[in-house]
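Reviewing the structure listed below.
The values are calculated or read from the model by the stated rules, or taken from the named source; none is laboratory data. Computed from a predicted structure; not experimentally measured. Neighbour counts are summed over all protein chains in view; Cβ atoms, including those assigned to glycine, are modelled from backbone coordinates with ideal geometry. Each accessible area value is taken on the protein alone, full model and side chains, heavy atoms only, with ligands, DNA and RNA left out. Shrake-Rupley method; radii C 1.70, N 1.55, O 1.52, S 1.80 Å.
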Amino acid sequence: MFGLTAYKEIITGQLLLSAGALFYTGWWLAAFKPDSTRSGGALSALLFFLLATFGLSGTALTVHGIHGLPLPASWPGSGMLFIMALLVYFILLTGSVKLFGRKPTTELILMVLWALMEIMALGALHETGALTGAAYGLTWAAVAAASLIALTAYMMYYRMDDNTAYITGAVPLLADGAVTLMIALLGR
């Protein structure tokens, strides 16, 4: 895509996702400020446009790059990984609704799909020799930590007062952006 190798697509995609996470955080802070009579206006619209542009292009490049490189031989295929991610999603969805009374929102599926994409990117970069040793372990730990942070924020969000929820809603966005930036830099 765009004359980039699959490896470069993943790295570029991760950089774009990192920028998209910053725009997403800015949009969140502009559009959902508690006790605000406005939803962010023109600034909010611009930030949403930028987050969509960077987020979607980063996702497209990353996914395209992943499919251009082999995953580790010991892993199940990408189709099986997707089915496993859907199973994880339905388990988390059922648990969050039944055990915690959390109303379902699109954030949960986005969190699971983000984690799947990043895990597959790590595997593909590892197979190219771009992520090995401590860098490989560190990026795995970062994806796991960001996923746990996001899930915790998701579960707690509606139990918080407006101001705490407002700040808490931005934390997973920043964590995801930091992780994608880490992968891009360590995978170079």
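Of all residues being in a helix (DSSP H, G or I) and of a type in the set (D, E, K, R) in the stretch 125-180, which is nearest to Thr59 (Cα to Cα)? Just the residue, please. Of everything passing the filter in the stretch 125-180, Asp176 is nearest to Thr59 (Cα to Cα). As a summary of the residue check, Trp75 satisfies the conditions (1) surrounded by 14 or more Cβ atoms within 10 Å (Cβ to Cβ); (2) under 19 Å from the mean Cα position of the chain (by Cα) except for the one numbered (2). Scanning the stretch 168-188 for residues that are over 13 Å from the mean Cα position of the chain (by Cα), at pLDDT 95 or above and open to solvent by 70 Å² or more (accessible area, probe 1.4 Å) yields a single hit, Leu185. Considering the conditions (1) free of Cβ contacts under 8 Å to residues at least 24 places away in the same chain; (2) open to solvent by 30 Å² or more (accessible area, probe 1.4 Å); (3) assigned to a helix (DSSP H, G or I); (4) out of contact with any helix residue (DSSP H, G or I) (no Cβ under 7 Å at 6 or more places or on another chain), Lys8 is excluded by exactly one of them, (1). Report, by residue number, each residue of the stretch 14-47 that is under 29 Å from Leu122 (Cβ atoms) and either open to solvent by 30 Å² or more (accessible area, probe 1.4 Å) or touching a His at 6+ places or on another chain (Cβ under 8 Å) (or both). If the condition is that a residue be under 29 Å from Leu122 (Cβ atoms) and either open to solvent by 30 Å² or more (accessible area, probe 1.4 Å) or touching a His at 6+ places or on another chain (Cβ under 8 Å) (or both), then Leu15, Leu16, Leu22, Phe23, Tyr24, Trp27, Trp28 are the ones that fit.
Kindly evaluate Phe82 against the criterion of being assigned to a helix (DSSP H, G or I) and loosely packed, with under 15 Cβ neighbours inside 10 Å. Considered against the rule, which asks whether it is assigned to a helix (DSSP H, G or I) and loosely packed, with under 15 Cβ neighbours inside 10 Å, Phe82 comes out as yes.
When each of Leu17, Leu113, Leu56, Leu47 is tested for being in a helix (DSSP H, G or I), over 19 Å from Ile149 (Cα atoms), under 13 Å from the mean Cα position of the chain (by Cα) and at pLDDT 95 or above, the lone residue that passes is Leu56.
Being under 14 Å from Leu17 (Cβ atoms), of a type outside the set (S, T, N, Q) and open to solvent by 60 Å² or more (accessible area, probe 1.4 Å) is a description that applies to Leu110. Scanning the stretch 113-136 for residues that are open to solvent by less than 40 Å² (accessible area, probe 1.4 Å), under 18 Å from Leu87 (Cβ atoms) and free of Cβ contacts under 8 Å to residues at least 60 places away in the same chain gives Ala115, Leu116, Met117, Met120.
Only residues that are surrounded by 12 or more Cβ atoms within 10 Å (Cβ to Cβ), closer than 26 Å to Ala52 by Cα and touching a residue at least 24 places away in the same chain (Cβ under 8 Å) were counted across the stretch 93-104, and they come to 0.
If you go through the stretch 137-156 and keep only what is surrounded by 14 or more Cβ atoms within 10 Å (Cβ to Cβ) and free of Cβ contacts under 8 Å to residues at least 24 places away in the same chain, you end up with Trp140, Ala144, Ala153, Met156.
If you go through the stretch 48-62 and keep only what is in contact (Cβ under 8 Å) with a residue 40 or more places away in the chain and either among the polar types (S, T, N, Q) or surrounded by fewer than 18 Cβ atoms within 10 Å (Cβ to Cβ) (or both), you end up with Ser57, Thr59, Ala60, Thr62. Scanning the stretch 63-93 for residues that are modelled with pLDDT under 95 and among the β-branched types (Val, Ile, Thr) yields nothing.
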